Amino acid sequence: MTKMLEIRDLWINVDGRPILKGVNLTIPRGEVHALMGPNGAGKSTLGKVIAGDPSYQVVKGEVLLDGENILGLEPDERARKGLFLAFQYPVEVPGVTIANFLRLALQARFGREVPLTEFYAKLQRAVEVLEWDEAYLTRYLNEGFSGGEKKRNEILQLMVLEPAYAILDETDSGLDIDALKIVAGGVNAMRGPDFGALVITHYQRLLGYIVPDVVHVMMDGRIVKTGGRELALELEERGYDWLGEEVGAQEAT
Amino acid sequence: MSETELKHISEDYQWGFADEVEPEVKLKGLTPEVVRAISEIKGEPDWLLEFRLKALETYFEKPWPRWGPDLAELERQMDDFYYYVKPPARENARSWDEVPEEIRRTYEKLGIPEAEQKVLAGVGAQYDSEMVYHSIKEELEKQGVIFKSIEDGVREHEDLFREYFAKVVPPTDNKFAALNSALFSGGSFVYVPPGVEVEVPLQAYFRVNTEGFGQFERTLIIVDEGAKVHYIEGCTAPIYTTEALHTGVIEIIVRKGAESRYTTIQNWPINMYNLVTQRALVEEGGYHMWLDGNLGSKVTMKYPSSVLRGPGARSEILSIAFAGDGQHLDTGAKLIFAAPETSGSIVSKSISKGEGRSSYRGLVKVLSRADRARVNVECDALLVNENSKTDTYPYMEIANETASVGHEATVSRLADDQIFYLTTRGIPEDEAAALIVRGFIEPVAKELPLEFAVELNRLIELEMEGSVG
Ligand SMILES: Nc1ncnc2c1ncn2[C@@H]1O[C@H](COP(=O)(O)OP(=O)(O)OP(=O)(O)O)[C@@H](O)[C@H]1O
Ligand SMILES: [Mg+2]
């Protein structure tokens with residue numbers, strides 16, 4: 001059996017209002033999928049539900065990680081099984097340094113003491129790839145970080161924690177052109193047969209650096225179209241309206 | 001407190017065990033006879049007995065405070081406390097071998113002798129009313145540093161003692177200072193001669209063992225010109241169903257150009273009323289830091305204060321209060337600017353968990369002669385649960401126009417999005433909550449000596465277990 005992250009007929013409500021309306025999506029390890037779609041379509045909701053955000057009610061459906069339904073698990077348990085979410089809006093935690101936090105997270109992730117030397121080796125490699133200053137490691141987690149710094153910090157965490165599956169929620173927004181290239185380099189360094197990713201973005205530019213195997217389009221809580229890399233280009237040119245019409249036409253028939 | 005409540009609390013509180021130790025003397029009730037008996041046991045000079053008796057009168061004259069936490073229950077029990085309990089041990093042993101085994105084991109469990117070996121310059125250990133151990137490193141003694149029980153301070157250094165005693169906190173200061181002045185027993189007398197720098201801390205450890213007991217230690221610290229010292233105080237007690245009382249008075253004199261620090265890690269069980277007066281008088285160019293960590297107790301009322309009496313004197317007052325179910329911690333700080341170019345800052349961090357309540361009560365007073373005084377006050381409250389409470393009473397009296405005064409207060413809640421963020425990285429919920437709390441107090445906690453910071457982190461982790469979700 002190939003290992004994959006599989007979302008089956010997922011229906012999600014917030015305060016009784018349906019947000020996701022039957023999402024189906026399969027990301028095998030070794031592949032990178034892009035998820036695009038208009039504002040409010042439900043992309044971030046999908047990411048947070050997969051990661052275990054308790055503020056969403058699961059009405060129906062399954063999320064299978066390597067065959068195991070994880071919807072009943074706490075967020076930390078999911079993380080320990082190899083799931084990672086890079087937040088669209090990373091949260092500030094004052095007084096907790098990145099280094100301290102990451103060491104705790106790494107020990108939690110692998111369920112063992114991680115020797116300082118091993119930890120620093122991982123950290124150093126990530127910092128190098130991300131062309132970052134080590135001084136950031138002793139700063140408090142996201143506190144006072146610029147939008148771009150927060151995003152870079154998410155990828156730093158990704159690289160240190162080495163998950164099996166990562167969902168990157170608009171990691172490109174807020175990054176300048178140089179930073180975008182560097183951060184994409186960080187994600188690409190993770191790519192390999194044991195790693196799968198879902199990259200949420202509005203812009204085809206990012207997909208020039210992190211080339212996806214598959215592109216999905218989400219509208220109004222559903223995946224409405226799946227295609228290859230060229231679908232992203234088409235969306236950039238034509239927007240989403242035509243898709244809406246296409247879907248409407250399909251549903252009418 | 002009900003038995004089930006007690007059981008629940010005892011599970012969290014590691015130091016709630018009691019020793020089977022039969023006291024030599026136990027004095028009950030709040031009377032002049034008890035005061036006389038204490039003074040006689042200690043073989044005190046007449047002036048000190050007179051001082052005590054007068055203080056007792058002051059105590060009775062002063063009304064119970066009607067502001068702050070509810071003390072009605074305490075007021076009803078005042079006649080029932082033991083006000084002096086002498087343990088069956090010799091005073092001020094200089095070697096742990098001379099401390100009775102049962103008592104020694106308690107301090108061993110608390111890790112005191114071990115810390116003494118590794119990181120301290122001297123240790124004083126009080127058990128109920130008396131100091132059963134008091135010792136300082138020889139090389140410091142040779143330099144003229146005095147670190148003794150308050151009783152030995154009176155006996156062996158009467159002139160020096162009398163010159164400073166009760167000058168910073170007179171019995172008339174407040175009702176509980178009067179009570180302490182009448183009943184005081186134990187505590188330390190510290191003198192650091194001019195120019196002597198005590199690089200590693202001195203520590204006093206206060207342990208209560210007897211049920212229904214009131215502990216009244218008194219500490220007097222004199223840091224002479226250009227000298228330096230760091231004094232640490234820690235405290236624990238068994239958990240009983242009845243209330244207990246701890247009313248200390250700490251007086252510190254920081255002479256010209258001297259530097260001192262007083263650190264408290266209070267971890268009383270939650271049947272304790274902890275009503276403490278601590279004040280430092282800072283002379284020209286001197287510096288004093290109060291670092292105050294309050295975790296335990298049923299009620300704490302404590303407002304460390306510094307009087308900046310000489311030009312250029314400085315003080316910082318940093319505090320952490322952690323109030324859980326059934327606790328009301330009313331803590332804060334007082335800064336009095338009484339000379340030009342003085343400066344001070346207050347940083348107060350409080351955490352309220354469950355039904356706990358923490359209050360910040362602060363006074364900043366700039367006298368008219370304090371030209372260009374500078375003060376900054378920051379008080380931050382963190383609420384862990386829906387029903388946790390906090391309040392702030394920041395009083396300011398500024399009588400000099402050239403003074404610069406900054407004040408900032410924040411109240412935040414342990415945020416779900418912070419917890420979610422941290423848990424998505426594999427950190428379990430309880431640990432995530434503890435991490436956020438530790439981050440919140442970090443600006444204060446980073447000033448603690450490493451061993452104490454580690455201990456504080458451990459206590460917070462314990463407190464945060466099962467607190468969210
Ligand atoms: N916690 C919440 N409470 C209330 N409404 C929510 C919540 N989370 C999501 N929603 C709503 O669900 C819908 C989908 O939001 P979501 O953030 O998933 O969109 P998105 O596709 O990520 O959009 P964008 O491209 O703007 O980031 C929106 O209408 C949003 O307002
Ligand atoms: Mg989004």
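Derivation of every value follows stated rules applied to the coordinates shown; laboratory data play no part. Note that the structure is a prediction, hence the values are computed from the model and not measured. Here Cβ is always computed from backbone atoms with ideal geometry, including for glycine, and neighbour counts include all displayed protein chains.
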| said: Nearest 500 deg cm²/dmol is fine: what mean residue ellipticity at 222 nm does chain A get from its DSSP H runs of n ≥ 4 alone, each adding -39,500 (n - 2.57), divided by its residue count? | reply: -12000 deg cm²/dmol
| task | Calculate the mean, over all residues of peptide B:425-437, of how many other protein chain Cβ atoms lie within 10 angstrom of the residue's Cβ. | result | 6
| task | Can you pull the one-decimal nm distance between simple spin-label points at A:Gln57 and A:Asp9, each 7 Å off the Cα toward Cβ? | result | 2.0
| query | Given labels modelled 7 Å from the Cα in the Cβ direction, how far is it in nm from B:Glu401 to B:Glu98? | reply | 6.3
| task | Report the residue, chosen from A:Arg238, A:Arg222, A:Arg29, that carries the largest GNM mean-square fluctuation when chain A is represented by alpha-carbon nodes joined by springs under 10 Å. | result | A:Arg238
| message | With the cut-off at 29 Å, tell me which of the pairs B:Lys228/B:Lys353; A:Lys151/B:Lys389; A:Lys3/A:Lys150; B:Lys42/B:Lys137; B:Lys142/B:Lys302; B:Lys228/B:Lys334 have Cα atoms farther apart than that. | response | B:Lys228/B:Lys353; A:Lys151/B:Lys389; A:Lys3/A:Lys150; B:Lys142/B:Lys302
| Amide H contacts under 5 Å for B:Tyr287, placed H, 5+ residues apart | B:Ala258, B:Glu259, B:Ser260, B:Arg314
| note | Expressed in nanometres to one decimal, the distance between label points 7 Å along Cα→Cβ at B:Val200 and A:Glu128 is 4.0
| message | Just to verify a number: FRET efficiency for A:Arg17 and A:His202, C-beta to C-beta distance, R0 = 25 Å, to 0.05? | response | 0.60
| query | What are the lysines whose alpha-carbon lies under 16 Å from the alpha-carbon of A:Lys43, with same-chain residues fewer than 8 places away excluded? | reply | A:Lys21, A:Lys225
| For B:Ser388, distant residues with modelled amide H under 5 Å away | none
| field | Model label zone, B:Glu386; criterion: amide N under 18 Å from point 7 Å along Cα-to-beta-carbon; scope segment A:1-22 | value | A:15-16
| request: About the Cα centre of segment B:1-138, how large is the charge dipole given +1 on each Lys and Arg Cβ and -1 on each Asp and Glu Cβ? Please answer in debye to the nearest 20. | output: 400
| task | Grab the Cα-Cα distance for A:Glu77 and A:Tyr209, subtract it from 0.36 nm times how many residues apart they are, and report the gain in nm with one decimal. | result | 44.4 nm
| Tell me, how many Å apart are the Cα centres for segment B:354-433 and for segment A:78-148? | 28
| field | Rel. contact order, % - alpha carbon contacts under 8 angstrom, at least six apart, segment B:180-333 | value | 19
| remark: Between B:Gly324 and residues 5 or more places away or on another chain, the pairs with built amide H atoms under 5 Å apart involve B:Lys353
| Is any residue of segment A:208-232 close enough, with backbone N under 17 Å, to a label point placed 7 angstrom from the Cα of A:Arg238 along the Cα-Cβ axis, and if so, which? | A:215-219, A:224-232
| field | Over chain B, relative contact order from alpha-carbon pairs under 8 Å, at least 6 apart, % | value | 10
| message | Whole-Hz ³J(HN,Hα) for each residue in segment A:110-120, computed from phi via Karplus 6.51 cos²θ - 1.76 cosθ + 1.60 with θ = phi - 60°, x for glycine and proline: what do you get? | response | 9, x, 7, 4, 9, x, 3, 4, 5, 4, 5
| query | From the backbone phi of segment A:132-137, what are the Karplus-calculated ³J(HN,Hα) couplings (6.51 cos²θ - 1.76 cosθ + 1.60, θ = phi - 60°) in whole Hz, Gly and Pro given as x? | reply | 10, 8, 4, 4, 5, 5
| field | In Hz, Karplus ³J(HN,Hα) per residue of segment A:85-95 (6.51, -1.76, 1.60; θ = phi - 60°; x = Gly, Pro) | value | 10, 8, 6, 5, 10, x, 8, 8, 10, x, x
| said: Could you work out how much longer the chain between B:Ala18 and B:Tyr393 gets when fully extended? Use 0.36 nm per residue separation minus the Cα distance between them, nm to one decimal. | reply: 131.2 nm
| Counting alpha carbon pairs within less than 8 Å and at least 6 residues apart, what relative contact order, in whole percent, applies to chain A? | 28
| query | At 222 nm, what helix-only mean residue ellipticity would chain B give, in deg cm²/dmol to the nearest 500, using -39500 (n - 2.57) for each DSSP H run of four or more? | reply | -8000 deg cm²/dmol
| query | For the modelled label position 7 Å from the Cα of B:Glu141 along Cα-to-Cβ, which residues of segment B:93-133 have backbone nitrogen atoms closer than 13 Å? | reply | B:93-96, B:122-123
